[in-house]
Amino acid sequence: MVRRRKFRARGKLLLPTCNTRHVLLAVLYNTGARIQEALDLSPQAVRWESPFQVRLRGKGRKERRCPLWPETIELLKALLKRKPRGEGEPIFVNRYGHPLKASGVRFKLKQYVEAAARKVPSLAGKRVSPHKFRHATAVSLVAAGVDVTVIRDWLGHESLDTTNIYARASLETKRKALEKVDSSARPAKPPRWKREVELLEWLDSL
């Protein structure tokens with residue numbers, strides 16, 4: 001399963017304030033949705049009973065369904081309780097009730113990253129966009145061992161070639177991790193029994 005511990009902790013912290021953009025970011029990570037797909041979400045696109053899920057409309061107006069964590073549902077319910085919306089109206093709106101725009105989300109996210117960088121200096125200079133959440137979802141699914149065909153449908157990719165990019169990225173991460181293993185722990189030469197010619201010949205004769 002995709003790691004949820006940090007997400008759950010954040011969810012609990014966000015519930016009291018229920019900031020619209022924070023809930024949006026939680027939805028982006030849970031679903032791996034494109035920013036416009038998430039911004040187009042309306043209450044009627046969400047299944048509010050278990051098993052929780054959401055209906056997304058992607059490129060070419062093709063629809064797909066993604067599961068939702070209970071924490072995501074709680075955040076959405078809290079947001080709609082504070083800012084009620086009609087069944088067919090966008091969930092994510094600004095203080096004036098107007099639908100959020102992708103450009104505005106990117107601008108606000110940049111401000112969040114700059115603020116976070118004051119406590120986590122390594123974030124300084126990093127380009128974090130809504131699409132990065134989509135990448136994070138894909139990488140987390142690959143790391144969790146989810147089949148690439150499932151990930152393709154989850155993200156709404158037309159081709160497996162696009163999805164395989166994340167699988168290759170995961171393998172590269174593993175390769176770099178392997179290179180960090182202390183050289184003394186690596187096999188330097190074959191085990192002793194493999195160097196015993198007579199023993200090997202006898203095993204071959206069996």
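The values are calculated or read from the model by the stated rules, or taken from the named source; none is laboratory data. As the structure is a computational prediction, the values presented were derived from the model and not from experiment. Because the Cβ atoms are built from the backbone with ideal geometry, glycine has one as well, and the counts that use them run over all protein chains shown.
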Search result, residues across region 82-102 that are in contact (Cβ under 8 Å) with a residue 24 or more places away in the chain and charged (D, E, K, R): 82, 83, 85, 87, 89, 101
Within the group 32, 60, 86, which residue is among the small types (Gly, Ala, Ser), out of contact with any Gly (no Cβ under 8 Å at 6 or more places or on another chain) and within 20 Å of residue 130 (Cα to Cα)? 32
Conditions (1) assigned to a helix (DSSP H, G or I); (2) out of contact with any Pro (no Cβ under 7 Å at 6 or more places or on another chain); (3) aliphatic (A, V, I, L, M); number of the one not met by residue 80: (2)
Show the residue pairs that are 6+ apart or on different chains and have beta-carbon atoms under 7 Å apart, the first residue being within region 103-118 and under 16 Å from residue 133 (Cα atoms), the second being β-branched (Val, Ile, Thr) and in a helix (DSSP H, G or I). 105/35
Pairs needed: first member in region 25-45, without any contact (Cβ under 8 Å) to a residue 60 or more places away in the chain and under 19 Å from residue 74 (Cα atoms); second member anywhere, of a type in the set (Lys, Arg) and part of a helix (DSSP H, G or I); C-beta distance under 8 Å; at least 6 residues apart or different chains. 26/10
Only one residue in 105, 150 is at pLDDT 80 or above, among the hydrophobic types (A, V, I, L, M, F, W, C) and part of a helix (DSSP H, G or I). Which one? 105
Could you list, in sequence order, all residues of region 53-72 that are more than 17 Å from residue 87 (Cα to Cα) and either touching a strand residue (DSSP E or B) at 6+ places or on another chain (Cβ under 8 Å) or not in a helix (DSSP H, G or I) (or both)? 58, 62, 63, 64, 65, 66, 67, 68, 69
Looking only at region 92-137, which residues are under 21 Å from residue 27 (Cα atoms), among the hydroxyl-bearing types (Ser, Thr, Tyr) and exposed (fewer than 13 other Cβ atoms within 10 Å of the Cβ)? 103
Taking the stated definitions as given, is residue 16 part of a loop (DSSP other than H, G, I, E, B), more than 13 Å from the chain's Cα centre (by Cα) and at pLDDT below 90? yes
Tell me, yes or no, whether region 36-47 has at least one residue that is in a loop (DSSP other than H, G, I, E, B), closer than 25 Å to residue 139 by Cα and at pLDDT 90 or above. yes
